Structure formats: C-alpha cells, structure tokens
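First comes the structure, then the notes that go with it.
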There are 2 protein chains.
Amino acid sequence: MSTSPVRPVPAGEIERWDLEADVVVAGFGIAGVSAAIGAAESGADVLVLERTGGGGGAAALSGGIVYLGGGTRLQKACGFDDTPEQMKTFLAAALGPGVDEDKLDVYCQGSVDHFEWLEACGVPYKESFWSQPGWECPVDDSLMYSGGENAAPFATLVDPAPRGHLAQVPMPRNGDQAAGHVLMTTLIAKAADLGVRVESDVRVQRLVVDETGRVVGIVATRFGAPLTVRARGGVVLATGSFAYNDEMMQAHAPRLYKRPAATVEEHDGRGIAMAQALGARLAHMDACEVAFFCDPQLIARGILVNGRGQRYVTEDTYPGRIGQLTMYQNDNQAFLVIDEQAYEEGMATPTSSPQLRHQPTWVCGTVSELESEMGLPAGTLVSTVELYNRHAESGADPVLGKKAEWVRPLRSPIAAIDLRGMTGGFTLGGLQTSVDSEVLHVDGDPIPGLYAAGRCTSGLSAWGYCSGISLGDGSFFGRRAGMRAAAK
Amino acid sequence: MSTSPVRPVPAGEIERWDLEADVVVAGFGIAGVSAAIGAAESGADVLVLERTGGGGGAAALSGGIVYLGGGTRLQKACGFDDTPEQMKTFLAAALGPGVDEDKLDVYCQGSVDHFEWLEACGVPYKESFWSQPGWECPVDDSLMYSGGENAAPFATLVDPAPRGHLAQVPMPRNGDQAAGHVLMTTLIAKAADLGVRVESDVRVQRLVVDETGRVVGIVATRFGAPLTVRARGGVVLATGSFAYNDEMMQAHAPRLYKRPAATVEEHDGRGIAMAQALGARLAHMDACEVAFFCDPQLIARGILVNGRGQRYVTEDTYPGRIGQLTMYQNDNQAFLVIDEQAYEEGMATPTSSPQLRHQPTWVCGTVSELESEMGLPAGTLVSTVELYNRHAESGADPVLGKKAEWVRPLRSPIAAIDLRGMTGGFTLGGLQTSVDSEVLHVDGDPIPGLYAAGRCTSGLSAWGYCSGISLGDGSFFGRRAGMRAAAK
C-alpha cells in the first residue's frame, strides 16, 4: 500500500479484507449511532468502527439537547404552537448568513417525524417545560428555549417556540446521567438490538477506492496494526469536528485555536482530511459554536459590556449567541456589570451551571469608581449605565431589546465580573454534503459510496448556532446517511 | 478523456500536446506575471495561459500599492526607518489571527530585495511621501501608509513606518494611468523582453497528472475547443480569487456574497477547485478584504457609529480596516456623523476617491434631532457625542485613540451620512502553499509539479488586510513559484 497517511488506497492494493459489512460507519457518537440505526432499520448489515474503547463521543458528555420543532408531540403537550415554516424562518436568521436552504427545508419539514423516531428508539421525554435562562435544564424537564427564540432580535421576527428537546433524566441528577448520556445510551442500546456490530479501539486512516472512483472500504489501525474493512454499500464518516487538530484550527478557525470546549479530543479532523484527499468540498470552516463561561442566570440580570464599556448583546438571549458575539465581534472582551440585589437573586436561582457562577472581580460604591477599577476608558461605563438606567426606570431597553422582566436600573453597590477570554467551543465547518448526506466532490457530484454527518460536515449552522443543532443535524442527517448507504 | 469538468486528467489519456513549455503559468495578473518573470530569469521556457484577450487582471485596475518595507531604498529616501522585525510585528497583528508565520518571516526578510527586483524590472518610483488618509494617493507620490500603521491600536505596538509602495504615475493622471496600470504594463513588458510566450483567450479547465501523482500539464479550452498544454517543469496557478463564484461564496464567505469589489469577473475560483480535486489544502476561506465606500478624508474628520449609535473604530485608520470591522463586527451598519465645518474641510482636500464623497443624508440643528431622524435608539447617539466631545475639548480620544490632529468637538449644525451596507471586497482564502509556493496536499506534502500564488492562495492575510498585501504576496510568492518551478 502507498505510504502517504491520508491519501486513498486503490482497492487493487488490498490483499485481504479483515472485516466486511454492507454499511461501515466511522465513529459512534450521535451521527454514527443514528447512521447505524438508520442503515440497520433499512435491512443492512452494519459495522461501526469506534476509535475509543466505547461509544458516545462528544454527545454523551453534552447537555443532550436536540433542536426540533414544527409542532412535535412534546411541543404540543407543553402548550406551544409551532410550524415548520416558523422554525425555518427562525433558523435561517439565527444560523446564517450562508445556511444551506435545501438542508434547512428538509430538516424543518422532517422534524416532527424525527422526534417520533427518537421516541420510537426509546429515548424518554417528560411533558414539561423549563422556562429559565440557562445552558441546560437543572431539573428533569424535557423542553426549553435553546437559541434565543424568545429574545431580541428574533422574537419580533417570528413567534417564538421552544425547540430544545432533552431526554428525561433520572432525579436526583448525577454527572453520569445528564440528558446526553441518556440519549446516547438509549440509542446505542437500540443499535445493539438491531444487530449493529461495533469494533472498538479502531482508528480510521484512509478510504479505499475502486477503479471507478467509488469508495468501497476503509483502512484503519487497531493498536498500531492495520485493519482493512470492506463496505459493500457505503462508508459513513461520523468522526466529529477538527477542534483538536492544531494545524486545521490555525488554518481555518484561529480564534478558537487551543480553546476547545464541549468537545472531545478524538475530534481531530481525520475524516474531513480523508474525504478532502478525494476532492471533497468544504463549507464554513471558520464557523464555531462559542460557549460563554458565565451562568445565564447572572448574565440576564446585569449588563454585558465590551472593552470600550459598550453593551453589545441582549443579555437574556441564548448564551451561545453571547459567546459568538463576544468572540467574533468584540475581541473576546466582556465584563458583566451587575448590582448587589441582582447578583444575589441570580445566585439564589436553580442552575445547571454552578461552576459558571463567578464571584465579582470588582465591587464599588459608584459606577465611576468601578469604571476606573476595571481600566475602562474614562466615561464609557458611566455613559452606558446612565443610558441603561434611564430607560430601565420605565422597564424598557430600546438599545438592545432585553425583555422587561430582566430590566431594572443598576443601583449601588455595583460589581463587575471579568469575563475577558471566557469563551471556548467547537468547530461547525466541514464536508459539504447533500440533503441525503452524500459527500460532494468539488465538481458538485456526490463521491460514490461516501456519506457523512455530524460535525465532520457543515450541517445546518453556517455562522450562527443554537444548542441542539449538532445533536439535531447529527442524528437527522446521520440517519439519512445510513438509510441512503443501505439502499445502495 | 473523463467527462467530469474539474477532476484531473491522467496523462495517459492525452493523445497530443498542443503546446508545451518548461513552466506553464495560468493567469496573467500580478502573481502570473511575477511567476513568468521569475521562471524566465531562471532560464526556463515559459508559457502563460490567460483567460481574457490581454493581461493585467485585477492588478491592472487596482491602486497599484505593493506592501513592502524593512528599510527599502524608497523608505530611506523618504526619511523613514524600518526593519524586517518591525514590519513583521505590525503585520502579525494587523493580518491575524492565524497568519502563516513562516511565510511572514520570508516575506519581511525578503522585502528590501523584492523592492529592488521590482525596480530592476523597470517599475518607476518617485522619492516622495503622501501623508494624507486615503485609499490611494491622488498625486504622483510613491510611498504612503496603507494599513493603519500610524493609527490606534498599532501605533503604540510598534514604531510606525509607511510601507505602501506605488509606481509613479504620469501627471496629470487619467484613468488608464493609475499605479496598478503602470505596474502591470511594466512587468508585462519585462516578461515579453525575457521571451515569455502568452496565449490569450485560454480557459484552464483541468490539471493533467502522471501515474506518480505529478502535475505535468493543463487541459484548457480556447473558444470552446480543447487545448492540451504540457508543463515539463511545473504548473503555476495564478487564477485569482473566488469572489465571483456564487456557490463558493455561499459556502465560504457568505457576508460578501454578491458584493464583489476591487476584483474582476474572471475570479471564479477555478484554479482553487482544480487543485482541490487533487486533495489540496485550503486556508482562511472566510477571510475577505473589505472596502468601505466613503472617502477617508471625510471619515477621519467625523465619528463612525454602528446601528446602536456606538463608535467602534478609530476613524483615522486604514479604511480597509474600517470596512472589515463594519462588515464582520457591526453587521454592515455604519453612519458617519460629522459637523459642517469638518465636512467642508474634508471636501476641500485633494482625494483620489471623489466618487466616495457622499452628500449628507441628514442635517440637523441638534444631535438629539439627528439621532431621531436616523432612527437610532433613543439617547444612544446623544450619549456617544457627549462623551466624544467631552474628551475632544482637550484634543483626546481615550475611547478609540484617534490622533489629536483629527479630534475636535462636533458642533451644530451636524450631519450624518448613511453608510449602511456600503462595503464590498474580495476573498483572501485559498490554497495553502509552502514558502516556496508549492501547493500542499492535505497530508502536508507538496503536490509535485504544482505551484500557486496570488489570490487563489491563502497568502499573508489570515483575518486582517492592508492595501498592498495582495500585490505584495502575489508578486513575491509568484516570483518564488516561477523560480521553483524552473528549478525542477
């Protein structure tokens, strides 16, 4: 075989296939398990190659939110109206510019059905809604806002509906039983029920291509030894993002270089490079989900200012939106300014993120003193607070549109929390795929036999993000990848 | 031959070579002509394939600034000290995050030599410095600031030096004789002197690859008929950006979709896709140069505010930096607020951009009235102007660091120019190349026989930009591509 580590191997060079299946899935996170189930339900013999000793990937460690809507059973049970059209209008605004309209159409139209499929796979949901700001839900509710749908500027664009669907967790919670864990253990068990085989400790290295250009297998390694795997129907790449590949991060997403969060070290971009070596198209490689390391219960009760002492985002919106605007538009410079009463209120509210409840960095008697302590340019914070308070007296925020329930004048004593550089996240760019999860060549045609889903692809997100989009497009387009590969 | 329009053609499928040379260069803009000269000076037989009826590309229509420094003859003659280290410190800050340190090193260390080479090619320079803010120089001076070196925040990071080197233009100027035209006609004449052959009206379509993976030629079309071109030593891609490729713009740089500026329609990404089909690496595909369509002589004399009435950039800096911050960080929302005296002063100053001297959109007696007319949130502009004026009374701008010479309180009557959406530009991302302009495969190795330079590559710019970087890295790494290809 050729010595180059990522280039495709001609099928003629394979002397012996060690393993074989109709559909071979690389990676056993959310996209991989959904592909495996989708293919097995379509009658295919399925083999999963997983790099670690087990399965679950980043999904099993996540908050477990799947972004779904358009009128799911759970939305209705919780009393919310939604339509695929409203869902699409919101997502096109929140995830753009540059969203793949075709993918977004298919996803919004298929969302109700996809929720039914998750339930049919055994994922439990509780008919209850969590109404508070937060990264995750601290109790066992199963529906929440997860993208700023009910905050400015989106709330005036389209009627808001919560679309974050979380698996019900056993109470009282412990670390192993977050919604992502419930979701993944349920789906992995479903795959096992369907006869899906899993080979662990296997690192995929190169794709195997026949003389027509069709992908017919994978060369991998297990404990350093080569392993050849034949795919009679197709290969599904579900290998995750490139957040831990330093070279790719420098070349594509330098702002998040060495700042991964909510991801796992296995996300090294390997699957992307393997397909690139075949001429695959990429999309939106610079886009990132950006976590903001502060509890939303505190953020909503204060004002966020940048390095010039200016507000830049409505504080009661989705914290991932705050993270993106902080990192991309405000050079990672953020301070939360909050008064004593608001801080104490926030700290007394249940949260899923106690580790994000920071102590004040500075506490002062006047805003002017605070501004000076913080090292902000003279007059900037005073000016910002004066304007905010003037409108807050009447419960309004015409500058950024924070909802009245969170608007109250800031009073003495006043504090600030230093949140500079308090961001991290994972990458959203990757292989460009069709609505059927075929990997596209730069000439626009699908690469025969090659499918991909999850964070090794560019999915629903172009620039923006909502919690649940990765588990959403990973499971939705993963399932479609498996079904499509099985049909071949 | 295979039917797919962009995939490589196996050399064995070529029945007859219509043309042949040691080094074949695709594109006759700045990178192409520099590659051609570099190869010819190294003794190679050189053939250029140019898509249009002539040569020049975007460079011939440009302002003709080449970003050079480190102590060039022209910098010294104009009385400026500079070193390669200062140049690198500035560029690493201005063009980052994510700059290619190796390329930047080679460029800064080779900059004095590169200027001598341009002079040796016959490009004329006048020993005079233009000190005013502007996109270009309106007279025949040959040195200017072109990246915000003497403005905040860079001026305090490293001693500023002007590095925009412009070919001297005949006076009085006319449209055909801008510095870019002088530069390109001179270099094209030099290439002709060296015996470089040029085939016009030739569209490159696919690379030809031998059984070892080496690029050995190009398949092109001329007036629809196929044309096969053999490259004995190497192929240099110098085909420009993808600003006019709608699919690529949507996938990579959606903010600039349908907003090209300072580019030409031939920039369709073809060369990038041809190399991607061979497994080439990409970098920084989302990065764009962003022109801001307002005369810097007006901008420096007013204050720029975003859609929340907040200042966001020092107004006396490089206008391309203003463009990038407006588009990427402020959602393309910009207004110039300026008083009558400052506006009239600006309009009375020589400019190279008379078409960017807009009439005021609104003129009012008070800032409060103006804010209302502009539709800004109540109190925002009043607050911003109050703070600006308070500091301006003492000639200071602690918020953004505008130089004292441009700081003066804004007085009644006061006007604003609506500059929302007044941005456009071209893409900076592309093929990832080595310091010797070899196109890199995703496995990290050079693709044998394939070189690239100019805006089909990711050059010196990662995120930021300075005027002269494209002609700078295009000519510098173009020349190196030609020399390297000739050496094979």
* To do: Spot the failing condition for A:Glu265; the list is (1) open to solvent by 10 Å² or more (accessible area, probe 1.4 Å); (2) touching a strand residue (DSSP E or B) at 6+ places or on another chain (Cβ under 9 Å), and only one is missed.
  => (2)
* What is the number of the single condition among (1) in the same structural domain as B:Val382 (by the TED database); (2) open to solvent by 10 Å² or more (accessible area, probe 1.4 Å); (3) among the charged types (D, E, K, R) that B:Glu315 does not meet? -> (2)
* **Lone qualifier among A:Lys88, A:Lys76 - being under 21 Å from A:Phe115 (Cα atoms), at pLDDT 95 or above, out of contact with any helix residue (DSSP H, G or I) (no Cβ under 7 Å at 6 or more places or on another chain) and among the basic types (Lys, Arg)** => A:Lys76
* To do: Only residues in the stretch A:108-128 that are more than 15 Å from A:Ile37 (Cα to Cα) count as the first member; pair them with residues that are of a type in the set (Asp, Glu), Cβ under 6 angstrom, at least 6 apart or cross-chain, and list the lot.
  => A:Lys126/A:Asp140; A:Ser128/A:Asp141
* To do: Could you please let me know if A:Asp159 is among the charged types (D, E, K, R), assigned by the TED database to the domain that holds A:Leu431, open to solvent by less than 60 Å² (accessible area, probe 1.4 Å) and in contact (Cβ under 8 Å) with a residue 40 or more places away in the chain?
  => no
* Name, by its number, the condition in (1) closer than 23 Å to A:Leu143 by Cα; (2) modelled with pLDDT of 95 or more; (3) open to solvent by 20 Å² or more (accessible area, probe 1.4 Å) that does not hold for A:Leu183. => (3)
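The rows are residues; the columns are (1) part of a helix (DSSP H, G or I); (2) more than 12 Å from B:Arg479 (Cα to Cα); (3) not assigned by the TED database to the domain that holds B:Thr457.
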| residue | (1), (2), (3) |
| --- | --- |
| B:Arg16 | no, yes, no |
| B:Ala35 | yes, no, no |
| B:Val48 | no, yes, no |
| B:Ala59 | yes, yes, no |
* Please indicate, with yes or no, whether at least one residue in the stretch A:71-90 is of a type in the set (A, V, I, L, M), open to solvent by less than 10 Å² (accessible area, probe 1.4 Å) and more than 14 Å from chain B (Cβ to nearest Cβ). => yes
* Structure fact -> Within the stretch A:1-48, restricting to residues that are of a type in the set (Ser, Thr, Tyr) and away from every other protein chain (no Cβ under 14 Å), the one that is most open to solvent (accessible area, probe 1.4 Å) is A:Ser42
* Asked: Of the numbered conditions (1) surrounded by fewer than 24 Cβ atoms within 10 Å (Cβ to Cβ); (2) under 30 Å from B:Asp268 (Cβ atoms), B:Ser62 satisfies every one except a single condition; which is it?
  -> (1)
* With respect to A:Asp418, determine if the residue is more than 30 Å from A:Asn150 (Cβ to Cβ), of a type in the set (Asp, Glu) and open to solvent by 30 Å² or more (accessible area, probe 1.4 Å). => no
* Please determine, by comparing only the residues of the stretch A:425-463 that are within 14 Å of chain B (Cβ to nearest Cβ) and polar (S, T, N, Q), which one is surrounded by the most Cβ atoms within 10 Å (Cβ to Cβ). => A:Thr457
* Only one residue in A:Ala251, A:Ala243, A:Ala261, A:Ala231 is more than 15 Å from A:Thr52 (Cα to Cα), modelled with pLDDT under 95 and in the same structural domain as A:Ala21 (by the TED database). Which one? -> A:Ala261
* Asked: Does any residue of the stretch A:207-218 turn out to be within 26 Å of the chain's Cα centre (by Cα) and open to solvent by 20 Å² or more (accessible area, probe 1.4 Å)?
  -> no
* Asked: Which ones in the stretch A:404-433 are hydroxyl-bearing (Ser, Thr, Tyr) and free of Cβ contacts under 8 Å to residues at least 24 places away in the same chain?
  -> none
* To do: For residues that are open to solvent by less than 40 Å² (accessible area, probe 1.4 Å) and within 14 Å of B:Ser383 (Cβ to Cβ), tally how many sit in the stretch A:383-399.
  => 8
* Asked: Residues A:Gly468, A:Gly401, A:Gly472: which one is over 23 Å from A:Ser368 (Cα atoms), outside the structural domain of A:Arg232 (by the TED database) and in contact (Cβ under 8 Å) with a residue 24 or more places away in the chain?
  -> A:Gly401
* Take the stretch A:420-449 and flag every residue that is touching a Cys at 6+ places or on another chain (Cβ under 9 Å) and of a type outside the set (S, T, N, Q). => A:Met422, A:Gly425, A:Phe426, A:Leu428, A:Gly429, A:Gly430, A:Leu431
* Structure fact -> Residue count, the stretch A:140-156, condition crowded, with 17+ Cβ neighbours inside 10 Å and assigned to a loop (DSSP other than H, G, I, E, B), comes to 11
* Considering only the stretch B:91-124, state which residues are surrounded by 21 or more Cβ atoms within 10 Å (Cβ to Cβ), in a loop (DSSP other than H, G, I, E, B) and not β-branched (Val, Ile, Thr). => B:Leu95, B:Gly98, B:Asp100, B:Cys121
* Which numbered condition A:Ala283 fails, given (1) open to solvent by less than 20 Å² (accessible area, probe 1.4 Å); (2) more than 21 Å from the chain's Cα centre (by Cα) -> (2)
* Quick one: which of A:Val216, A:Val139, A:Val198 is among the β-branched types (Val, Ile, Thr) and at pLDDT below 95? -> A:Val139
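The values are calculated or read from the model by the stated rules, or taken from the named source; none is laboratory data. All figures in this text were calculated on a predicted structure; none of them were measured in a lab. Methodologically, a virtual Cβ is constructed for each residue, glycine included, from the backbone with ideal geometry; neighbour enumeration extends over all protein chains shown. What goes into the accessible areas is simple: the full protein's heavy atoms, side chains included, and nothing from ligands, DNA or RNA. Shrake-Rupley method; radii C 1.70, N 1.55, O 1.52, S 1.80 Å.
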